[in-house]
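**Q** This is the structure I have questions about; it appears just below.
Each reported figure results from applying straightforward, stated rules to the coordinates on display, with no laboratory input. In this text, all values refer to a predicted model and were calculated from it rather than measured experimentally. Positions of Cβ are generated from backbone atoms using ideal geometry, with glycine treated the same way; all protein chains shown enter the neighbour counts.
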Amino acid sequence: MRGEGRAGWGFAAPALFLIVTCFFLPVAGGLLLSLTDFDIYAIASPDAARFVGLTNYERLVADPVFRKALFNTLYFVVVGGPLSVAVSLAAALLLASKLARFPGLYRSIYFAPVVTTLVAVAVVWRYLYHPRYGLLNLALGAVGLGPIDWLGDPRWAMPGIILLAVWKNFGYNMLILIAGLQRIPEELYEAAALDGAGWWARFRHVTLPGLGPMLLFVSVLTMLGNFQLFAEPYVMTQGGPLRSTTTLVMLMYEEGFRWWRMGHAASIACLLFVIMLAGTLLQLRLQRESR
Amino acid sequence: MSGRRAQSVALNLALAGGALLTLAPLLWMVSASFMPAGQTNTLPPRLLPDPAVTDHYRALFARLHLARAFANSTAIALTATAFSVLINGMAGFAFAKLRFAGRDRIFRLLLIGLVIPVQVGMLPLFLLFKSLGLANTLAGVVIPSCATIFGIFMVRQYALGIPDEMLDAARIDGASETRIFLSIAVPQLKPILVTLAVFTFLSTWNDFLWPLVILSDDAKYTLPVALASLSGEHVQDTELMMAGAVLTVIPVLVMFVILQRHYVRGLLAGGIKG
């Protein structure tokens, strides 16, 4: 079996080499970078960077812009995530129903936004949100609401971005949840119906427990993705108005690649990682306790 | 029975309404891209162009170099797809079917990497690529997409289903491991390799943050980066920007419609087995 062992390493080597050099080493580098004052001068001569311990982190915690970005990111995660999963679940329930006609067609339509290019649809939605001519305000106006200055009002900019993100992403989770719904045995519903359980009772006591692990998987995945919000605010609001849509990744990008304060930017990325990890553990624990 | 009928009507109306809401932004994008300049900013609003013009598409190609960005995006997505299928395909097969020293430990380490956000390594990777002369090159965009943990994982899960007897029989016949991979594994893995190809193409075509970071010269821009930069300069030109959005989105939408079976399978493989 010596030939097999050598072939195994040979086949895996190109991938491992690339993943180590383009991912694992840079991640280790990112942790180190966050402990230095690496800046634009250090790009020309790396010797100019000094080890500064946890100074970058101390500065971040005290920085109102960082706190604002952290708040905005959490806002997007805590409001946008559950909303997105709820819409996915509603769409999955409708599509999995035996009464649905053309489920395949609807499934493809609902999924289409997922494959579209985020930057392009963010550009489109920026015009849908136009306070005077945007379709959304025209529709709201038709039922006597608004107008809302979606992207110009600090209170509405983040809800606007959440709405776009829900539209863009719900099809992904929907697809996974449909597969989950199809695996719940029909007999469970029949038994519940015989016991006189109504629609809501069947949903709470058969559907939700049946989806359990998959719902958790979908929630964690959505949360991890949402923590990395960047392109939508970059294209639609540039983080404004009044920093109301500046996110952690956006701040990292600005600090690192616009002002070249790379040590500082690296500490933002590392904190993001820690927060994402904490968020995942929290969700796993909440799920366990609810059972 | 009439209760059930009413329920069925309500449910199908909800589905149709949802479909309309989902498609509305995309339909409006296409419609507005053919409107004469300024027609999106009229009241009462127009839903269809009158008259329909192709000026904006021509302007994008003639003056604004979107053809160049289109070519860059195509080259990047196709190259990354080819390398990703080859490199992840070989590695996924090796992790599933070839016994080599340290295999399982390495695989577990790779899986840990799945929870680390790419942003943590992005700054050092930029500095590394800059020192290697890969900053502001198409290769610099392509290389990190050529091998992915998720890609290896996807192929490995599928390759676990290849019977060992098949491979051992070929070994007894004296076939080399390379030959076994090409003539036995690849035909067996074909469905998942197609899925991986679709995944890689879509994700590299749509990717934004890394190309934005690594490309500084607008002749090298990919479509999303070029579009984001155009949308800064041409905020007022709604119809022009819609034409740019159409050009960016149409290739991936067409590809999705043709290959959706493969895309959906990969998504479920990651979702259920993961």
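**Q** Lysine pairs in the protein assembly as shown with alpha-carbon atoms under 28 Å apart, 8 or more places apart or on different chains: how many are there?
**A** 9
**Q** Same structure again: Springs between alpha-carbon pairs under 10 angstrom, Gaussian network model over chain A: which of A:PHE23, A:PHE227, A:PHE170 fluctuates most?
**A** Comparing A:PHE23, A:PHE227, A:PHE170 in the GNM, the peak value goes to A:PHE23.
**Q** With θ set to phi - 60°, apply the Karplus curve 6.51 cos²θ - 1.76 cosθ + 1.60 along the stretch A:60-77 and write out the HN-Hα couplings as whole Hz, x wherever there is a Gly or Pro.
**A** 4, 4, 8, 7, x, 5, 4, 4, 5, 5, 5, 4, 4, 5, 5, 4, 4, 5
**Q** Convert each backbone phi in the stretch A:109-117 into a coupling constant with the Karplus relation 6.51 cos²θ - 1.76 cosθ + 1.60 (shift: θ = phi - 60°), then list the ³J(HN,Hα) values in order as whole Hz, x for Gly and Pro.
**A** In residue order, the calculated couplings are 5, 5, 7, 3, x, 4, 7, 6, 7 Hz.
**Q** Using the Cβ atoms and a cut-off under 10 Å, what net charge is assigned to the surroundings of A:SER244, where Lys and Arg are +1 and Asp and Glu are -1?
**A** That works out to +2.
**Q** Follow-up. What base-10 log of the normalised intensity I(q)/I(0) is obtained for the stretch A:64-290 from the Debye formula, alpha carbons as equal point scatterers, at q = 0.11, 0.18 Å⁻¹?
**A** -0.66, -1.31
**Q** Through the Karplus equation 6.51 cos²θ - 1.76 cosθ + 1.60, θ set to phi - 60°, convert the phi angles of the stretch A:276-287 into ³J(HN,Hα) values in whole Hz; use x for Gly and Pro.
**A** So the Karplus estimates, Gly and Pro as x, are 5, 5, 4, x, 5, 4, 4, 5, 4, 5, 4, 4 Hz.
**Q** Send over the semi-axes of the stretch B:101-242's equivalent ellipsoid, whole angstrom and largest first, taken as the square roots of 5 times the C-alpha gyration tensor eigenvalues.
**A** 40, 19, 14
**Q** Taking the stretch A:123-231, which trypsin sites (Lys or Arg not before Pro) meet the DSSP loop condition and have no more than 14 other C-beta atoms within 10 Å?
**A** Listed in order of number, the matching sites are A:ARG132, A:ARG183.
**Q** Show the residues, 5+ positions off or on another chain, whose built amide H is closer than 5 Å to the amide H of A:THR36.
**A** It is A:VAL52, by chain and number.
**Q** Viscosity 1.567 mPa s, temperature 4 °C: Stokes-Einstein D of the protein assembly as shown from its Kirkwood Cα radius, in µm² per second?
**A** 51
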